[in-house]
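Computed from the coordinates by the stated procedures, all read-outs in this text should not be read as laboratory data. Just so it is clear, the model here is predicted, and its values are computed rather than measured. Neighbour counts are summed over all protein chains in view; Cβ atoms, including those assigned to glycine, are modelled from backbone coordinates with ideal geometry.
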Amino acid sequence: MSDTCSTMLKLGTKAIDFNLINTNDEKISLESAKKENGILIMFICNHCPFVVHYKKIFSTLYATCEKHNIAMVAINSNDAEHYPNDSFDKMKEDVALFGYQFDYLYDEDQEVAKAYKAACTPDVYLFDYEYKLRYRGQIDDSRPSNDKKVRGKDLLDAINLVGEKKEITTEQIHSMGCNIKWKEGNAPEYFTPKKK
């Protein structure tokens, strides 16, 4: 697996619209998904060890978002042709297996990932009620390669602060994961896998 860092999109960036199919074959857009106090957008996939490492707390993230009237969606942008474990059918299996209550969306042409300058899985973006980016970076400092417990502290703290309309003053540390599996010839200019 390639350890790739998030690009750390500039804070204050406005959320970019999307119109993607969820695992119930429904079209979901930014406008239809967003709730009163914001939206959490996570770029994930099915098979990445970093994402698998965090799947156990996705329900906690969702519950915290719900408490604060913040929407949560996940987007899979991986090339399913070369990585069949990330296919749309496998996404449906993941939703059933892990009981995802949030929309899991399929970015088949990878244009949404490129619009958000997503680079790795997981890559998270938390926007406030004005669609402004308030947090991006790691879920917490746990990794598959270390012994730190998965708590989701960094992202959960950010969700609570955005939900309470308070400033996030702590340092935001880049996320790390497997690189998004770009289709041949489709990797964006900003994408350069980085090792830490």
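At a 4.7 angstrom Cβ threshold, list every cysteine in the chain that has nobody to pair with, or say none.
Cys with no partner Cβ under 4.7 Å: 5, 45, 65, 120.
What fraction of the Cα pairs in segment 4-179, stated in percent, has a spacing above 20 angstrom? If you can, show how the numbers build up before the last one.
Working: 7267 of 15400 pairs.
Cα-Cα pairs in segment 4-179 separated by more than 20 Å: 47 percent.
Given the Cα-Cα distance of residue 11 and residue 172 and 0.36 nm per residue of separation, how much length would full extension add, in nm? Mind dumping the intermediate values first?
Details: separation 161, 0.36 × 161 = 57.96 nm, distance 1.03 nm.
Contour length minus the Cα-Cα distance gives 56.9 nm.
If you put +1 on each Lys and Arg Cβ and -1 on each Asp and Glu Cβ, how big is the dipole of the chain around its Cα centre, in Debye rounded to 20? Each step should come with its number before you reach the end.
Details: 27 positive and 31 negative charges, 154 e Å.
Dipole magnitude for the chain comes out near 740 debye.
Which length gain, in nm to one decimal place, applies between residue 109 and residue 93 when the Cα-Cα distance is subtracted from 0.36 nm times their residue separation? Please report the intermediate quantities before stating the final value.
Details: separation 16, 0.36 × 16 = 5.76 nm, distance 2.10 nm.
Length gained between residue 109 and residue 93: 3.7 nm.
Hey, what did segment 97-174 get for relative contact order, percent, Cα under 8 Å, at least 6 apart? Don't skip to the answer; put the middle values down first.
On the way: 64 pairs, mean separation 16.9, N = 78.
For segment 97-174, the relative contact order is 22 percent.
Test of understanding: express the Cα radius of gyration of segment 45-138 as a ratio to 2.2 N^0.38 Å, with N the residue count. Working shown, then result.
Values: Rg = 13.3 Å, N = 94, 2.2 N^0.38 = 12.4 Å.
Normalised by 2.2 N^0.38 Å, the Cα Rg of segment 45-138 equals 1.07.
Relative contact order, percent, of the chain when contacts are C-alpha pairs under 8 Å separated by at least 6 residues? Don't skip to the answer; put the middle values down first.
Numbers: 406 pairs, mean separation 66.4, N = 196.
It comes to 34 percent, rounded to a whole number.
Reachable lysines from residue 10, Cα under 17 Å, same-chain residues fewer than 8 places away excluded?
Candidates past the 8-residue exclusion: 114, 117, 132.
When DSSP beta bridges are limited to those with both residues in segment 4-179, what percentage is antiparallel, rounded to the nearest 5? Provide the component values of the computation, followed by the final result.
On the way: 20 of 30 bridges.
So the antiparallel bridges in segment 4-179 amount to around 65 percent.
Taking only the alpha-carbon atoms of segment 92-131, what semi-axes of the equivalent ellipsoid follow from 5 times the gyration tensor eigenvalues under a square root, in whole Å, largest first?
Numbers: eigenvalues 90, 48, 19 Å².
Sorted largest first and rounded, they come to 21, 16, 10 Å.
Please sort 35-44, 163-172, 114-123, 101-110 by packing, taking for each peptide the average over its residues of neighbouring beta carbons within 10 angstrom, highest first.
Details: 35-44: 22.0, 163-172: 11.6, 114-123: 24.7, 101-110: 19.2.
Descending mean neighbour count gives 114-123, 35-44, 101-110, 163-172.
Quick check: convex hull of the Cα atoms in segment 29-71, volume per residue, rounded to a whole Å³? Walk me through the intermediate numbers first.
Details: hull volume 3.0 nm³, N = 43.
For segment 29-71, the hull spanned by Cα atoms encloses 69 Å³ per residue.
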